[in-house]
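Okay, so here's the structure we're looking at.
Just so it is clear, none of the values below were taken in a lab; they were calculated from the coordinates. All values reported here derive from a predicted model rather than from experimental measurement. All Cβ positions, even for glycine, are placed from backbone atoms using ideal geometry, and neighbour counts span all protein chains on display.
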Amino acid sequence: MADKATIEINDKKIELPLIKGTENELAIDISTLRASSGGVITLDPGFKNTGSCESAITFLDGEKGILRYRGYDIAELAENVDFLEVAYLLIFGELPTKEQNDKFHDDIKAESVVDEDVKKIVEAFPKSAHPMGVISSLTSALTAFNPSSVNVESEADMYKSVVRILGKMPVLVAWTMRKKQGLPLDYGDDSLGYVENLLKMMFTKPNKTYVQNQVLVDAMDKLLILHADHEQNCSTSTVRVVGSSHAGLFASISAGISALWGPLHGGANQAVLEMLEAIQADGGDTKKYMAKAKDKNDPFRLMGFGHRVYKNFDPRARIIKKAADQVLHDLGIEDPILDIAKGLEKEALEDSYFVDRKLYPNVDFYSGIIYRAMGIPTDMFTVMFAIGRLPGWIAQWREMRLRKEPIGRPRQIYVGATERKFVPVDAR
Ligand code: CMC
């Protein structure tokens, strides 16, 4: 296999190096193209063919439906380790020893108190505010309460900001949900595991002792693991680009949360459930919605279907579909929404529109059904995605800073007006 690519521009041949990853993926390194071609650049809206970095964190093969964190298969991790171990793995590159894991958890717990003044900010939001807007603002506000900038040359400084955001984020998530429900904002219980504590902070009632439900803990743990990283997706790329200007970790993550909010990305989990509810309210006629999804004059899309990278199946969706069945069974819930989801999936998988375009259920198609069974409000679903994705964002931000990547600053092809003569206002 050659290690160079040659392109010809107006009879000039330009040789560019081919880069090969550890999983044999190939890329043409175009970093010298503009200089050697007299100003020619590449154009790739939506970055469908553009690699923005070399990364050693997550590998995915969309054709084969493979997803691995630091070399470990996602299904094996979801079965055998907990969310904090996965967070450690993603951020620091190796699964932790027992001692490393205990210390990591202790350090996170030590940082899981939020300045009381943050409560005033939470309380100032209207109850109608979307939780993703609230959580993005609160994450940004953390910068004001923890103003020291991270010295990325110092591992100790880096570590401190990592455990700080992992400690505070569950509190902010719980407060965001509780504020909307008119419940008191409080802190969790330091003696609990990370996920147990998150659930307690979200669901505890002021007049009742909270009792952990292992089914919920296991399901949440699995969901968080499955969402923990997904290489250079929209929100992660946002985190890396914002961080590339040397903006701090919290500011970069706040931007990532905003990117995740959109219905084409993390917001799809909320959109899926709303779609399933709409189909149910409309008499459960899945065929009608399939037809709408295929109609090019109708903006409706089958939410939870399709993926930029997975063109065979989404390995996360397979695990989540099984988990949804299990959780509903274990909790003794019969949810007709699950039947509608399964019906839609079956029809889509047999329909040439979806088959030809390689549109399969993605991670968001079944996750909402589990969140709903757990009693999480629909508008909090994307926030749950965000807390799952947090270790991935941190790992990618840290990698980008340690690799001393340059500021992200794409070029463009200008298609606007050419030079014009200025016309004073009274002559326009
Ligand atoms: N329903 C109906 N048609 C679809 C759908 C869908 N969900 N997704 C893609 N298509 C069609 C699209 O109209 C296009 O058709 P044509 O070639 O005739 O113009 C073709 O399939 C290719 O679609 P695309 O929009 O060019 O593909 P993309 O890679 O730019 O978009 C996507 C990927 C995930 C944004 C898109 O599939 C979509 O909008 N899905 C629904 C939203 C969703 O579930 N998002 C969650 C993604 S997974 C979790 C995450 O990463 O956050």
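Annotations
- Segment 27-96 versus segment 353-428: alpha-carbon centroid distance in Å: 16
- Checking every one of the trypsin sites (Lys or Arg not before Pro) in segment 231-296 against DSSP loop status and a limit of 11 other Cβ atoms within 10 Å picks out K296.
- Among I91, N233, A395 the positive-end extreme of the charge dipole of segment 74-403 (Cβ point charges): N233
- Qualifying GluC sites (Glu not before Pro) in segment 1-37, DSSP loop, other Cβ atoms within 10 Å at most 15: E23, E25
- Tensor-based shape of segment 1-119 (alpha-carbon gyration tensor, a/c under 1.5 rounded, otherwise prolate or oblate): prolate
- Segment I9-D218, extension gain: residue separation times 0.36 nm, minus the distance between their alpha carbons: 69.6 nm
- Each residue, V211 and N101, gets one label point 7 Å from its Cα in the Cβ direction; the gap between the two is 2.8 nm.
- Distance in nm between pseudo-label sites at C53 and Q326 (7 Å out along the Cβ direction from Cα): 3.2
- If the chain linking T32 and K119 were pulled fully straight, counting 0.36 nm for each residue of separation and taking away their Cα-Cα distance, it would gain 26.3 nm.
- Across segment 4-51, the relative contact order, built from alpha-carbon pairs under 8 Å that are at least six residues apart, equals 24 percent.
- Qualifying trypsin sites (Lys or Arg not before Pro) in segment 171-219, where qualification requires a DSSP coil assignment and no more than 14 other C-beta atoms within 10 Å, comprise K208.
- Across the chain, the mean sequence separation of Cα contacts (distance under 8 Å, 6 or more residues apart), normalised by length, yields a relative contact order of 20 percent.
- Rough spin-label spacing in nm, given labels placed 7 Å along Cα→Cβ, for S352 and A427: 6.2
- Using the Karplus relation 6.51 cos²θ - 1.76 cosθ + 1.60 with θ = phi - 60°, the per-residue 3J(HN,Hα) values for segment 66-82 come to 9, 9, 10, 9, 6, x, 8, 5, 4, 5, 5, 5, 4, 7, 10, 10, 9 Hz, with x marking Gly and Pro.
- For segment 111-123, Karplus couplings with θ = phi - 60° (6.51, -1.76, 1.60), whole Hz, Gly/Pro x: 9, 9, 9, 10, 3, 3, 5, 5, 4, 5, 5, 4, 5
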